[in-house]
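See below for the structure under consideration.
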Amino acid sequence: MLPNPSQKYAAFAPIQLPDRQWPDKTLTHAPRWLSTDLRDGNQALAEPMDIPRKLRFWEQLLKCGFKEIEVAFPSASETDFQFVRQLIEEQRIPDDVTIQVLTQARSDLIERTFAALDGVKSATVHLYNATAPLFRRLVFRQSQDDIIQLAVSATRQIRALCEANPNTQWRYEYSPETFCFTEPEFALQICEAVADVWEPSAARPMIINLPATVEVNTPNVYADQIEYFCRHFTRRHDVCISVHPHNDRGSGVASAELALLAGADRVEGCLFGNGERTGNVCLVTLAMNLYSQGIAPQLDFSDMKQVVERVEQCNQLPVHPRHPYAGKLAFTAFSGSHQDAIKKGFHAREQADSPRWEMPYLPVDPEDIGCSYEAVIRVNSQSGKSGAAWMLEQNHGLVLPRALQQDFSRHVQAKTDREGNEMTLSALWQLYRELYGPYPLAPRQLLDYRSESQADGELQLSARVQTAEGIVTLQGKGNGLLSAAAAAIASRFKMRLAIEDYHEHTLGRCSESRSAAYIRCSFKQGVSRWGTGIDNDVSRASLQALLNALPDGDAG
Ligand SMILES: CC(=O)SCCNC(=O)CCNC(=O)[C@H](O)C(C)(C)COP(=O)(O)OP(=O)(O)OC[C@H]1O[C@@H](n2cnc3c(N)ncnc32)[C@H](O)[C@@H]1OP(=O)(O)O
Ligand SMILES: CC(C)C(=O)C(=O)O
Ligand SMILES: [Mg+2]
């Protein structure tokens, strides 16, 4: 890279608009959406879609609720042409959906475009030509007047062809391609000239699409350009102003949002930001951003995973795991403090009587877009006590006491740090059972027990326990079941122990629920250990928890 890049790259001169209004506006409703996945998205693929792939994508777009879909550049290829024919001839276009097709301002290409559209009920014909100084000078080698003439005469031809086919409801879209680095006055001038030919009205709909063909500015500059255009365009109230941001600087979404504040009515883009170079603006992100602010986006992503799968299949490109709302990791927290806050958020939500979503770190409820809470918290060496506790609670119903969470977390931390891996749920559960029970077959498995109240108010316990050496019988007395059991263990296994902590809860909500018991015992030299027992009977669960808290072997 250059030590002084200014020798090579000139900074863009921002537009002068000191009385700009857009910074004080807020978004209150969804814009009109146009998906250009089958055109701008498609033209950016190494292997453009064949007709079956295009059809699958088309069905997906309908399912998501798109009402305007740019389906092809019919004069570009036989595939694109035939795709449009197939949609029309097989009557695949719902009455409330308008297809759009793109053409250059070249007479033969316009003819071919109309041939593709023959017999369609309604369609938008989209004409583009680049207007920026660099393109006028380098690509077209034409003056401003020549460039205006190119657009005007193509519009005349399009109008005539529309009028020659009155059975179709026609809409016309004009894009001064490269708008975002065209002189604002010239962009206005060419759009005025084109609109003078089309004569837009309610009966003759027109869309002026102002693309950020290559994103060259910060989004506020694009917003200024849009506001300037909207304020000065003579026929503003007769046209729909559309934006078409690309993402070269990574701010396509911000550009679209600020452009909407600045007066745009419509956004063109692609699902998950596919499109030329770094992509078109991502329509999923834009829609979900509105949704997260309580605004119905008029697009449906209730089954986000399915949409991702279908789009990946059609585009043959992966959706990034960190893609907003849709990536595999979009709702996942590995880090301890995030997990702790999310776990508290979910607990608070269970108690809350308001539907309001108030969740640390999660801007929307994953359930709304068909994602389970399973992937929300995952455990590795960056995780704290809450992560592992959450996974056990969600998947095994165990609500660990805080001190047990801390104890377990130390073991999880040591293991994940040592192995450098994420810990799966099954590995986590296995570690938990190894440390605390409940085992399928514990080293000391309670078989049965009897307890009797004594005249002195104490309880006499007799319990049979299966050990590796065979069945042993424990006998002890205490002022309750657990103290009797502790006395019995102390005498049978020759260990000193004291019960320091005891917790129990039911697993699940029905009356046949099982119980989980957690016990912490201290042994000599300050050693303490936890055990967990699960049983249909709470007393058996407690006794087993106590047995599971004992150290291996007979030495205490
Ligand atoms: C920003 C965008 O996404 S714009 C859309 C871009 N999409 C595509 O290009 C995909 C489909 N395109 C194609 O298949 C081909 O480019 C075609 C069929 C349209 C045209 O192919 P060709 O006739 O071989 O021309 P080519 O693609 O090289 O186009 C360049 C010529 O078109 C001219 N041109 C470029 N854009 C336009 C336009 N919008 N209107 C009129 N002429 C144009 C160029 O100045 C150049 O003219 P020249 O040959 O006299 O120098
Ligand atoms: C054809 C136009 C709208 C385009 O795709 C662009 O400018 O990016
Ligand atoms: Mg584009």
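Each value in this text was obtained by applying a stated rule to the coordinates, not by laboratory testing. Bear in mind that the values here come from a model prediction, so they are computed numbers and not experimental data. Heads up, the Cβs are rebuilt from the backbone with ideal geometry, glycines too, and the neighbour counts pull from every protein chain shown.
Quick notes on this one:
- For region 410-479 versus region 3-37, the inter-centroid distance based on Cα atoms is 65 Å.
- Placing R0 at 25 angstrom, the Cβ-Cβ distance between Ser451 and Ala414 gives a FRET efficiency of 0.05 after rounding to 0.05.
- For region 50-133, the fraction of alpha-carbon pairs lying more than 19 Å apart is 35 percent, rounded to a whole number.
- Backbone HN-Hα couplings from phi across region 94-108 [Karplus 6.51/-1.76/1.60, Hz, Gly and Pro as x]: x, 4, 8, 10, 10, 7, 10, 10, 10, 9, 6, 7, 10, 3, 5
- Per-residue ³J(HN,Hα) for region 354-371, Karplus 6.51 cos²θ - 1.76 cosθ + 1.60, θ = phi - 60°, Hz, x for Gly and Pro: 10, x, 4, 7, 10, 9, x, 6, 10, x, 9, 6, x, 4, 4, 10, x, 9
- If you model region 127-226 as an ellipsoid using its alpha carbon gyration tensor, with each semi-axis the square root of five times an eigenvalue, the axes come out at 25, 16, 10 Å, biggest first.
- Across region 135-150, computed HN-Hα scalar couplings (Karplus, 6.51 cos²θ - 1.76 cosθ + 1.60, θ = phi - 60°) run 6, 4, 6, 8, 8, 9, 6, 9, 7, 4, 4, 5, 5, 5, 4, 4 Hz from first to last residue, x flagging Gly and Pro.
- Between the residues Leu286, Leu261, Gly336, the greatest Cα displacement towards the positive end of the dipole of region 245-343, with unit charges on the Cβ of Lys, Arg, Asp and Glu, is found for Gly336.
- Counting only Cα atoms, region 312-439 measures 47, 41, 25 Å along its principal axes, largest extent leading.
- Where only DSSP H runs of four or more residues are counted, the chain gives -11500 deg cm²/dmol as its mean residue ellipticity at 222 nm, each run worth -39500 (n - 2.57).
- Computed from label points 7 Å out along Cα-Cβ, the spacing between Asn536 and Ala348 is 4.1 nm.
- Taking all pairs of distinct alpha-carbon atoms in region 167-261, Kirkwood radius in angstrom: 13.5
- Of the residues Gln21, Asn421, Gly478, the one whose Cα sits farthest towards the positive end of the charge dipole of the chain is Gly478 (charges of +1 on Lys and Arg Cβ, -1 on Asp and Glu Cβ, taken about the Cα centre).
- Of the three principal axes defined by the Cα atoms of region 355-407, the extents in descending order read 35, 24, 18 Å.
- Each of Gln157, Thr131, Trp58 was scored by the projection of its Cα onto the charge dipole of the chain, and the greatest displacement toward the positive side belongs to Trp58; charges sit on the C-beta of Lys, Arg, Asp and Glu.
- Separation between Cα centres of region 52-91 and region 126-199, rounded to whole Å: 25
- Taking a straight Cα-Cα cut-off under 19 Å and skipping sequence neighbours fewer than 8 places away in the same chain, the aspartates and glutamates within cross-link reach of Lys8 are Glu215, Asp248.
- Once backbone amide H atoms are built at 1.01 Å from N, Cys240 has Met206, Ile207, Ile208 as its partners under 5 Å, excluding neighbours fewer than 5 places away on the same chain.
- A simple charge model with +1 on the Cβ of Lys and Arg, -1 on the Cβ of Asp and Glu and nothing else charged puts the dipole of the chain at about 1500 debye relative to its Cα centre.
- Antiparallel DSSP beta bridges within the chain, percent to nearest 5: 50
- If the Kirkwood radius is taken over C-alpha pairs of the chain, then at 20 °C and 1.002 mPa s the Stokes-Einstein diffusion coefficient equals 76 µm²/s.
- Isotropic mean projected area of the C-alpha convex hull, region 185-225 (nm²): 3.6
- Violating pairs (Cα-Cα greater than 25 angstrom) within the set Lys67/Lys305; Lys344/Lys524; Lys25/Lys305; Lys63/Lys344; Lys385/Lys477: Lys344/Lys524; Lys25/Lys305; Lys63/Lys344; Lys385/Lys477
- The chain - percent relative contact order, Cα under 8 Å, separation 6 or more: 9
- For region 134-286, a simple Cβ point-charge model (Lys and Arg +1, Asp and Glu -1, everything else neutral) yields a dipole of about 200 debye relative to the Cα centre.
- Sorted fewest first by neighbouring Cβ atoms within 10 angstrom, Tyr373, Tyr172, Tyr228 come out as Tyr373, Tyr228, Tyr172.
- Quarter the surface of the alpha carbon convex hull of region 482-556 and you get the mean projected area, 4.7 square nanometres.
- Sorted by Cβ neighbour density within 10 Å, fewest at the top, the residues Val139, Val101, Val376: Val139, Val376, Val101
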